[in-house]
4 protein chains.
Amino acid sequence: MLEELKKRVYEANMLLPKYGLVTFTWGNVSEIDRETGYFAIKPSGVDYEKLRPEDMVIVDLDGKVVEGHYNPSSDTPTHVELYKAFSNIGGIVHTHSPWATSWAQAGRGIPCYGTTHADYLYGTVPCVRNLTKEELKAYEVNTGVLIAEAFQTNDYEAMPAVLCKNHGPFTWGKDGLEAVHNAVVLEEVAKMGARCEMINPKVGPAPQELMDKHYYRKHGENAYYGQ
Amino acid sequence: MLEELKKRVYEANMLLPKYGLVTFTWGNVSEIDRETGYFAIKPSGVDYEKLRPEDMVIVDLDGKVVEGHYNPSSDTPTHVELYKAFSNIGGIVHTHSPWATSWAQAGRGIPCYGTTHADYLYGTVPCVRNLTKEELKAYEVNTGVLIAEAFQTNDYEAMPAVLCKNHGPFTWGKDGLEAVHNAVVLEEVAKMGARCEMINPKVGPAPQELMDKHYYRKHGENAYYGQ
Amino acid sequence: MLEELKKRVYEANMLLPKYGLVTFTWGNVSEIDRETGYFAIKPSGVDYEKLRPEDMVIVDLDGKVVEGHYNPSSDTPTHVELYKAFSNIGGIVHTHSPWATSWAQAGRGIPCYGTTHADYLYGTVPCVRNLTKEELKAYEVNTGVLIAEAFQTNDYEAMPAVLCKNHGPFTWGKDGLEAVHNAVVLEEVAKMGARCEMINPKVGPAPQELMDKHYYRKHGENAYYGQ
Amino acid sequence: MLEELKKRVYEANMLLPKYGLVTFTWGNVSEIDRETGYFAIKPSGVDYEKLRPEDMVIVDLDGKVVEGHYNPSSDTPTHVELYKAFSNIGGIVHTHSPWATSWAQAGRGIPCYGTTHADYLYGTVPCVRNLTKEELKAYEVNTGVLIAEAFQTNDYEAMPAVLCKNHGPFTWGKDGLEAVHNAVVLEEVAKMGARCEMINPKVGPAPQELMDKHYYRKHGENAYYGQ
């Protein structure tokens, strides 16, 4: 079972360079097996070009390494917190993808300017505040705690993405592949949102009814997109 | 005959990722056989990497599936309305191509800033308004109806492209290939128009006589471009 | 000899898609043999993917086709005028490359903001005015005439590039390859110039002495760049 | 030993086109052997497509060619000055990479807007002033002298990058590979910094404590990133 999980997480990780979301080692994907509470994650600082399925590290929800010959991603404690807080998710992605990171650096959430956004992300993608000096002492844990707090008033299933101020994005989904899919969507939406504001500096968000129409065309019991 | 049509539509669809106009499944091409009134269109939500000619779906002008093992694109009713309204067109493309979509999100038509635009698109590319809440109930049908209305005062043959506010572009042409060609032109023109405004925020449209010269160099009885 | 010229011009043309300077057929390269006064040029509207060396068209300085089974580029009369006006050039390129065309659409010359520009282009890349209605009657000829006029006060060897307002760039050089090289330089310089103004809207041109230093590092009798 | 050095420097040079940092011959990498004081550097103006390991030129710290059948990069005197001033570095890169060069042309240092920057570059990337007319007489030497001066108040190990006004970037590292790595980081940071200001024109630098956290996560005795 763990071999299958490692293979899946390896393949999801390899999609990050394929979709242009990472430079060097600046990203990671994990996926959890909810029965055992174990998740597989990319090892820290290992080049994508050299990565192999057997290099994935197995970690439990206390953040302890269960199996693996490498250190897990330094962001592992953030993944732990998110898996604990968001009980229905199965995969998490972190990247420094250029457009989403530019919004994070700008300290702004991404308004919903159109249907590409509304198809997958319901409302404004939130941008969480900086950690305090005190919170920075447990940086990776508190990054996860802060994101979880931000979703007390957001539905993490309808908004599977967040920006961390001056840092970059996290996305999630029902498994690693869906989390990667959402990371690609976020980057595309971040790009088009920035250009849209350049073309019309006074632009406002798309009408609520259009956002509803598109979101529920793809999600929920009345969805009719796809096969 | 239907096999030939499916093959042509498959090939036209595969040009969308080739020209960088689609991410994931965010686009579709159809082409109609005017004698039977049947058109072939991409199935809904099927990955381009897995698409095969036999997956194309045959639909009639009532929007009913004539042949196919998949659901047709969720945008099929829009294609139906456009084929009914624009009697001389043979192919339609819808994408979320990033630059054209950025203009659509910005709610602005694309002014004609130069000859690249004038060579294929006569005048400002129109951006149609949002649908009302009432109209959204039949979203895809009314998207087509709204576009058709906008072309009561535009020549759909001289302007084979439109933007739908907060959504994205549709283009058309005498067949699927020409519709894809116009989708590429539109994306290029959208990119250069946005950059042109960045370089000179006070820029105005190209002179009418230059637009005429270039458009009629490629179209109509006095055309002299090409072989 | 003509076969050799056709082959050279074919190869120079194929560099345009390689360097991302053309979409579809929006560009052409020619090269002249000054002894015979014949030049070879891309045929009009023929896809780069299908182009072959034998498709190049041989034209004389009256604009008459000497040899070839295709029509020459519709821009041929512009090439003729430039070869007649600029006696030391051997190759000419026209493209709609996106950044240079964005400046042309904006109606602005490109200031020299740095050494990348100064290494090849001495001073501001000029942007020539629109043709009048009267001049548009002989559009392609007068485009060449207008460019030639603009270089009465510019040194065409030190500034082997020009923008035509609302249209796009022409570049030239001692042969087709050098003209393509200058087209790539122009596109790069156009891109960096636009971004530089975005980063610092109050930026001014590079100091004259730095421009001189870099230009003469690569050109003239005291050049010391290269082998 | 020199053969090994040439091979390493050749491979580091070939990463420049791989990472999209150079057009034509606009860049060079060198690496020094501190025991002999010899360094290998790319030959001047030789195409990357034709470059071979044996084409690298061996130069000493007086700037004299020790071995090689080509002229060394025209920037060689700048490399000499930097190797003399920064005793702990082993490799240097110069490019005209588009985003970093756009900041250099704009005459602005790059503020630290986020953790991608802070992970490798501690603080604002400095932009050094233009050389005076007098200094331009020994252009390449004085470029190095000026950079060295700027680092009297900067730690060249914590800030392995600099912009030269109206010119472009230099980066360095413990060897050629690390210098290339820093050149890629700089380009990415320059791109995201410019876009970040476009998204939020009033953005300020990231908090000092976050910069410290990220920099020391990867550097110094308490580093815990990687294997």
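The values are calculated or read from the model by the stated rules, or taken from the named source; none is laboratory data. All of these numbers come straight from a predicted model, not from anything done at the bench. When we count neighbours, we look across all protein chains shown, and the Cβ atoms used for this are built from the backbone with ideal geometry, even at glycine. Note: areas computed on protein heavy atoms with side chains; ligands, DNA, RNA excluded. Shrake-Rupley method; radii C 1.70, N 1.55, O 1.52, S 1.80 Å.
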Checklist entry - Considering only segment D:53-64, how many residues are within 14 Å of chain C (Cβ to nearest Cβ) and open to solvent by 50 Å² or more (accessible area, probe 1.4 Å)? => result 0
Checklist entry - Has segment B:41-51 got any residue that is within 14 Å of chain A (Cβ to nearest Cβ), surrounded by fewer than 19 Cβ atoms within 10 Å (Cβ to Cβ) and touching a residue at least 40 places away in the same chain (Cβ under 8 Å)? => result yes
Item to check | Failed criterion for A:Leu121 (all others in (1) open to solvent by less than 20 Å² (accessible area, probe 1.4 Å); (2) modelled with pLDDT under 95 hold) | outcome: (2)
Checklist entry - Residues B:Leu16, B:Leu2, B:Leu61: which one is closer than 23 Å to A:Asn182 by Cβ and out of contact with any Cys (no Cβ under 8 Å at 6 or more places or on another chain)? => result B:Leu16
Item to check | Residues located in segment B:112-128, provided they are assigned to a loop (DSSP other than H, G, I, E, B) and touching a Cys at 6+ places or on another chain (Cβ under 9 Å) | outcome: B:Tyr113, B:Gly114, B:Leu121, B:Tyr122, B:Gly123, B:Thr124
Item to check | Residues (at the interface with chain B (Cβ under 7 Å from one of its Cβ atoms) and not small (Gly, Ala, Ser)) located in segment A:192-211 | outcome: A:Met192, A:Arg195, A:Cys196, A:Met198, A:Ile199, A:Asn200, A:Val203, A:Pro207, A:Glu209, A:Leu210
Checklist entry - Right, B:Ala158: more than 9 Å from chain C (Cβ to nearest Cβ), in a loop (DSSP other than H, G, I, E, B) and either over 17 Å from B:Gln105 (Cα atoms) or within 11 Å of the chain's Cα centre (by Cα) (or both) or not? => result yes
Checklist entry - Of everything in segment C:10-37 that's under 14 Å from the mean Cα position of the chain (by Cα) and part of a helix (DSSP H, G or I), which residue is surrounded by the most Cβ atoms within 10 Å (Cβ to Cβ)? => result C:Asn13
Checklist outcome for this item: Scanning segment C:86-110 for residues that are of a type in the set (Ser, Thr, Tyr) and facing another protein chain (nearest Cβ under 8 Å), the one farthest from C:Gly144 (Cα to Cα) turns out to be C:Ser102
Item to check | Cβ-Cβ under 7 Å pairs, at least 6 apart or on other chains, segment C:111-133 side within 14 Å of chain D (Cβ to nearest Cβ) and within 10 Å of D:His167 (Cα to Cα), far side in a helix (DSSP H, G or I) and open to solvent by 40 Å² or more (accessible area, probe 1.4 Å) | outcome: none
Checklist entry - Do you know which of the residues in segment C:192-211 that are touching a residue at least 60 places away in the same chain (Cβ under 8 Å) and of a type in the set (A, V, I, L, M, F, W, C) is surrounded by the most Cβ atoms within 10 Å (Cβ to Cβ)? => result C:Met192
Checklist entry - Is it the case that C:Glu178 is closer than 30 Å to C:Lys6 by Cα and either open to solvent by 10 Å² or more (accessible area, probe 1.4 Å) or within 12 Å of chain D (Cβ to nearest Cβ) (or both)? => result yes
Checklist entry - Looking at (1) more than 15 Å from A:Thr95 (Cβ to Cβ); (2) within 14 Å of chain D (Cβ to nearest Cβ); (3) not polar (S, T, N, Q), can you tell me which one A:Ala148 breaks? => result (2)
Checklist entry - Which ones in segment A:65-105 are part of a loop (DSSP other than H, G, I, E, B), touching a residue at least 40 places away in the same chain (Cβ under 8 Å) and surrounded by fewer than 20 Cβ atoms within 10 Å (Cβ to Cβ)? => result A:Ser74, A:Phe86, A:Asn88
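Here's the yes/no breakdown for (1) under 27 Å from B:Ala104 (Cβ atoms); (2) open to solvent by 40 Å² or more (accessible area, probe 1.4 Å); (3) outside any helix (DSSP H, G or I); (4) within 11 Å of another protein chain (Cβ to nearest Cβ):
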residue	(1), (2), (3), (4)
A:Glu140	no, no, no, yes
A:Thr143	no, no, no, yes
A:Leu163	yes, no, yes, yes
A:Trp172	no, no, yes, no
A:Ala183	yes, no, no, no
A:Ala190	yes, no, no, yes
Next on the checklist: Of the conditions (1) surrounded by fewer than 16 Cβ atoms within 10 Å (Cβ to Cβ); (2) touching a residue at least 12 places away in the same chain (Cβ under 8 Å); (3) farther than 28 Å from A:Tyr70 by Cα, D:His219 satisfies every one except a single condition; which number is it?
Outcome noted: (3)
Item to check | segment B:71-85, residues that are touching a strand residue (DSSP E or B) at 6+ places or on another chain (Cβ under 8 Å), of a type outside the set (Asp, Glu) and within 14 Å of another protein chain (Cβ to nearest Cβ) | outcome: B:Asn71, B:Pro72, B:Ser73, B:Thr76, B:Thr78
Item to check | Filter result (polar (S, T, N, Q) and either under 23 Å from A:Tyr139 (Cα atoms) or in contact (Cβ under 8 Å) with a residue 40 or more places away in the chain (or both)) within segment D:134-155 | outcome: D:Thr143
Checklist entry - Before we move on, is A:His214 at negative phi, within 14 Å of chain B (Cβ to nearest Cβ) and either part of a loop (DSSP other than H, G, I, E, B) or open to solvent by 10 Å² or more (accessible area, probe 1.4 Å) (or both)? => result no
